[in-house]
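> Take a look at the following structure, please.
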Amino acid sequence: MAFPSLSAGQNPWRNLSSEPPRRPGPPGGTSWMSPMEMAKGRNWTSTFPMRIPRLSLCSCSCMEDTGRVEGTLDQMVDQVTRSVVFLQRRYPSNEGIYLCGHSAGAHLAAMVLLARWTKHGVTPNLQGFLLVSGIYDLEPLIATSQNDPLRMTLEDAQRNSPQRHLDVVPAQPVAPACPVLVLVGQHDSPEFHRQSKEFYETLLRVGWKASFQQLRGVDHFDIIENLTREDDVLTQIILKTVFQKL
């Protein structure tokens with residue numbers, strides 16, 4: 001479903017763009033496959049999952065893309081895809097690769113769903129995707145200040161919007177039982193809610209094993225910052241997704 005045309009004064013992301021993260025992520029550690037998020041020109045790499053005791057039993061990696069200022073969107077998508085290829089080649093006997101991304105990181109993780117693995121000569125053992133408060137159609141961003149560092153053209157946005165390409169990729173995922181969990185915070189802006197719900201519905205329609213959940217009582221930043229707590233709802237979802245197959 002296409003978005004209505006937006007004038008330069010209409011910003012569906014205003015609830016997000018009006019404030020930077022309230023505090024940076026905790027120092028040290030590595031995140032659980034969580035691409036780098038940029039906010040107000042500052043790097044903000046989520047390292048929270050490595051603070052979860054049970055996840056420390058797993059091999060956790062942090063994918064840091066080039067960033068919105070230094071690189072193009074095509075380069076960022078390519079880097080994340082090649083990072084998955086690297087992990088599979090480095091650990092060919094792995095028990096499963098799980099991708100978790102938040103906000104712009106969820107967009108990059110979702111783009112991995114569209115990857116043509118024959119091009120890379122390897123089929124990764126993908127076992128789960130957790131897409132948290134993500135962006136799946138980039139076209140509405142073009143007319144907003146969020147596009148200033150990206151300098152996306154309409155063609156760039158359409159080429160890198162997973163919502164617009166799911167219909168033309170193979171319906172069957174790499175692993176038939178590979179789940180895609182689409183999550184959004186109760187207090188995320190309406191545009192995040194709309195995009196998350198539409199992306200989930202499209203995933204179901206084209207044959208992916210998808211689920212959708214709104215997490216109560218959290219906003220765009222709480223939803224990921226709360227991963228420092230093992231009793232957090234999202235933390236428990238991550239643990240259940242990973243350990244039910246290990």
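The values are calculated or read from the model by the stated rules, or taken from the named source; none is laboratory data. Since this is a predicted model, take the numbers as computed values, not measurements. Positions of Cβ are generated from backbone atoms using ideal geometry, with glycine treated the same way; all protein chains shown enter the neighbour counts.
> Quick one: would you say Val169 is among the aliphatic types (A, V, I, L, M), within 27 Å of Val85 (Cβ to Cβ) and in contact with a Lys or Arg (Cβ under 8 Å, 6 or more places away or on another chain)?
no
> Go through the stretch 174-208 and give me each residue that's in contact with a Phe, Trp or Tyr (Cβ under 8 Å, 6 or more places away or on another chain) and outside any helix (DSSP H, G or I).
Correct list: Val174, Cys178, Pro179, Val180, Leu181, Val182, Leu183, Val184, Gly185, Ser189.
> Among the residues of the stretch 227-237, are any crowded, with 20+ Cβ neighbours inside 10 Å and farther than 16 Å from Cys100 by Cβ?
No, the stretch 227-237 contains no residue that is crowded, with 20+ Cβ neighbours inside 10 Å and farther than 16 Å from Cys100 by Cβ.
> Among the residues of the stretch 236-246, which ones are closer than 25 Å to Pro162 by Cβ and modelled with pLDDT of 90 or more?
Ile237
> Kindly check whether there is at least one residue in the stretch 147-165 that is in contact with a Pro (Cβ under 9 Å, 6 or more places away or on another chain), buried (at least 22 other Cβ atoms within 10 Å of the Cβ) and modelled with pLDDT of 90 or more.
No, because not a single residue in the stretch 147-165 is in contact with a Pro (Cβ under 9 Å, 6 or more places away or on another chain), buried (at least 22 other Cβ atoms within 10 Å of the Cβ) and modelled with pLDDT of 90 or more.
> Thr123 - would you say it is modelled with pLDDT under 60, out of contact with any Pro (no Cβ under 6 Å at 6 or more places or on another chain) and polar (S, T, N, Q)?
Taking the combined requirement at face value, the residue does not satisfy it.
> Quick check on my filter: what residues within the stretch 122-149 are farther than 18 Å from Gly101 by Cα and touching a helix residue (DSSP H, G or I) at 6+ places or on another chain (Cβ under 8 Å)?
Listed by number, the residues that qualify are Val122, Thr123, Glu139, Pro140, Leu141, Ile142, Thr144, Ser145, Gln146, Asn147.
> Next up: Considering only the stretch 68-118, how many residues are polar (S, T, N, Q) and part of a loop (DSSP other than H, G, I, E, B)?
Qualifying residue count, the stretch 68-118: 4.
> Given the options Val242, Val182, Val206, name the one that is among the β-branched types (Val, Ile, Thr), buried (at least 19 other Cβ atoms within 10 Å of the Cβ) and more than 25 Å from Met76 (Cα to Cα).
Sole residue among the options that is among the β-branched types (Val, Ile, Thr), buried (at least 19 other Cβ atoms within 10 Å of the Cβ) and more than 25 Å from Met76 (Cα to Cα): Val242.
> Sticking with this one: How many of the residues in the stretch 93-123 are surrounded by fewer than 24 Cβ atoms within 10 Å (Cβ to Cβ), closer than 30 Å to Ile223 by Cβ and of a type in the set (Ser, Thr, Tyr)?
1
> What is the residue count in the stretch 209-245 for residues that are part of a helix (DSSP H, G or I), among the charged types (D, E, K, R) and touching a residue at least 24 places away in the same chain (Cβ under 8 Å)?
2
> Another question, then. Hey, can you tell me all the residues within the stretch 203-234 that are at pLDDT below 90, of a type in the set (Val, Ile, Thr) and over 30 Å from Val169 (Cα atoms)?
Thr228
> Continuing with the same structure: Please list, ordered by first then second residue, the pairs with beta carbon atoms under 7 Å, 6 or more apart or interchain, first in the stretch 186-200 and within 18 Å of Val218 (Cβ to Cβ) and modelled with pLDDT of 95 or more, second of a type in the set (Ser, Thr, Tyr) and outside any helix (DSSP H, G or I).
Every condition considered, the pairs that remain are Asp188/Ser133; Phe192/Ser133; Gln195/Tyr136.
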